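A short write-up of the structure that comes next.
The values are calculated or read from the model by the stated rules, or taken from the named source; none is laboratory data. All figures in this text were calculated on a predicted structure; none of them were measured in a lab. Counting neighbours? That spans all protein chains shown, and the Cβs are built from the backbone with ideal geometry, glycine included.
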Amino acid sequence: MILARYNWINATIFSAVLGLSCPAAFADDSDQGAAGAQATSIAALSKESIAARIRDGDLSDSPLFLPTAERRVVFANIEYFSPVRGVVPDETLYTLERDLQDFSALTYTVGDETFTLDEFLAQSSLMGLLVVSDDRIALEHYAQDHGPSSRWITFSVTKSVTSLLIGAALEDGFIGSLEDKVTDYLPRLRGSAYDEVSILNLLNMASGVAWNEDYTDPESDVSIAGTFNGVALTDHLKKLPREHPPGEVFNYNTGESNLTGEVLRAAIGNNASSYLTAKIWQPFGMQADATWLTNTLNGSETGGCCISATLEDYSRIGLFALNDGVLPNGDRVLPEGWMQASTEPFAGNENYGYLWWLYPDGRYSASGIFGQKIFVDPASRTVIAVHSNAETATGSAYAEHLNAALLAISEHMRAGDGS
C-alpha cells in the first residue's frame, strides 16, 4: 500500500533528487545527528515507523536529509512513500548464469593508497554489486539487509533509461529525427527560446537556454521548477532567455531532463512506464517488477529520476545497452548504432553523451546520486550494477572508492584475470 503522503518530497528537495550535480552537503548523518543514526538498529526500523516519524516531524521529510539507516529503508521502499507507476515483466527471462570468479587479488588506488576489492565490498555504503560478463555473473555481493529481490531507487540512472526510450521512439517512428525541434512535439513552447532547440540538444544538455541549477539559491530555476512536469514545467521554461546557441555549451539541467520525458510522452501518446514495459522490460526478459516515480498520483513520470529496480535488472538494462537494443529473439528496439552515437563525446563536454556519463576507453555509465551505477565496458562485454547508500549525495569518499573500483574491475575483466 502506498501512503497518502505524496508531498513528502517537496519542491526544493525533489529538485535535488532529480539532479546529479547537487552539492555534497545534501545528505549527511550530521543533518539528523550522526551518533543517533549510528545507534539506530537497521533491523528495528520499518517503513511504517519511519513514515510515522516523518509525519510527526521527528525526521526530515526529505530522503536526502534522512539519517543513513533510515535512508536504507526508504530507498528500498520508495513506492510506500511516493506515487509510482508499475513496470512489469512477463514470463520471458533473460537468464544470467552464475560463474563466479576469484577477485581476491584485485586492488585499486585512491590517492596514494591501495585497497583490495574485499575492503571495498565491506564498506557500509555498498548495498549490492553485480559483475556480469558475457551473460555470466562473475561477482555478486549484497549487504546483510539487501538481496537479489530488493528493489532500489536509481535516481539519475533513470536519465539514461529515458535516453534509451527516446531511441526506441525514433526506431518506432514516433520521433522523426533527433534534429526535430522540441516544439514539434510540445507546441506550447512555441515563441520561446526552445524554438531552435532540438531533441539532440536536450540529450546533450546543451539547449543554450538559461537555467540556474544552484540548489542553495531559493530563487534559482531548480529550486522553483525542478519538480515540475507538464504545463507547469513548460510554463516556466518558455519564460527563460537564451544564453548560448543550441548545441554548444553543456549545462546540467534538471528541468530539461524532465522536458525530455515530456517529449517522449508526447511523441508516443502514452506514459513512459507502459512504453518501458512494452519495449524493454518484457521483451528483453527482466526478472522483477519495477516502479517509476510520478509527480502526483496517476501523474507523469519524472523523466530524469527514480525508477526502482533489482540489482539483476539494473544489470539487464546495461546488457540491453551493450547489445545496442537488440532483443534475445533478434528483434531490434533501438536504431542500429544508437549506443555508439549515445556514447560519443559531446563537443560541449567530453564526458557526456546522450544522457550517459563517459569513462576512458569507450566505457560509459548511467549514474545516480548516492552511488547508483550501471557501468558498461563494451571491450570486455562487462556490466557492473551497483546499489549504494553513500554518506552524501555526491562528493563522498565512498564515491571515489566506487569509481576506482569500477575501473579496476573493468581492467581485470579486460585482462581475463578471473579464474
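When Gly226, Gly255, Gly247, Gly230 are screened for being touching a helix residue (DSSP H, G or I) at 6+ places or on another chain (Cβ under 8 Å), under 22 Å from Ser160 (Cβ atoms), in the same structural domain as Leu203 (by TED's automatic domain parsing) and surrounded by fewer than 23 Cβ atoms within 10 Å (Cβ to Cβ), only Gly247 passes. For Ser342, all conditions in the list (1) more than 20 Å from Asn258 (Cβ to Cβ); (2) of a type outside the set (A, V, I, L, M, F, W, C); (3) assigned by TED's automatic domain parsing to the domain that holds Ser388 hold save one; what is the number of the exception? It fails just one condition, (1). Of all residues in the range 122-162, those satisfying the criterion of being closer than 19 Å to Tyr364 by Cβ and either touching a His at 6+ places or on another chain (Cβ under 8 Å) or of a type in the set (A, V, I, L, M, F, W, C) (or both) are Leu129, Leu130, Val131, Val132, Phe155, Val157, Val161.
Please find, among Val161, Val131, the residue that is among the β-branched types (Val, Ile, Thr), part of a strand (DSSP E or B) and in contact with a helix residue (DSSP H, G or I) (Cβ under 7 Å, 6 or more places away or on another chain).
Values: Val161 fails: part of a strand (DSSP E or B).
It is Val131.
Within the range 48-71, restricting attention to residues that are of a type in the set (Val, Ile, Thr) and within 22 Å of Gln144 (Cα to Cα), which residue is farthest from the chain's Cα centre (by Cα)? The extreme case among them is Ile50.
Screening the range 360-387 for residues that are in contact with a helix residue (DSSP H, G or I) (Cβ under 7 Å, 6 or more places away or on another chain) and assigned to a loop (DSSP other than H, G, I, E, B) and picking the one that is surrounded by the most Cβ atoms within 10 Å (Cβ to Cβ) gives Gly371. Go through the range 154-201 residue by residue and tally those that are farther than 22 Å from Glu243 by Cβ, free of Cβ contacts under 8 Å to residues at least 40 places away in the same chain and hydroxyl-bearing (Ser, Thr, Tyr). Of the residues in the range 154-201, 1 are farther than 22 Å from Glu243 by Cβ, free of Cβ contacts under 8 Å to residues at least 40 places away in the same chain and hydroxyl-bearing (Ser, Thr, Tyr).
Within the range 53-64, restricting attention to residues that are in contact with an Asp or Glu (Cβ under 9 Å, 6 or more places away or on another chain) and modelled with pLDDT of 80 or more, the residue that is farthest from Met127 (Cα to Cα) is Arg55.
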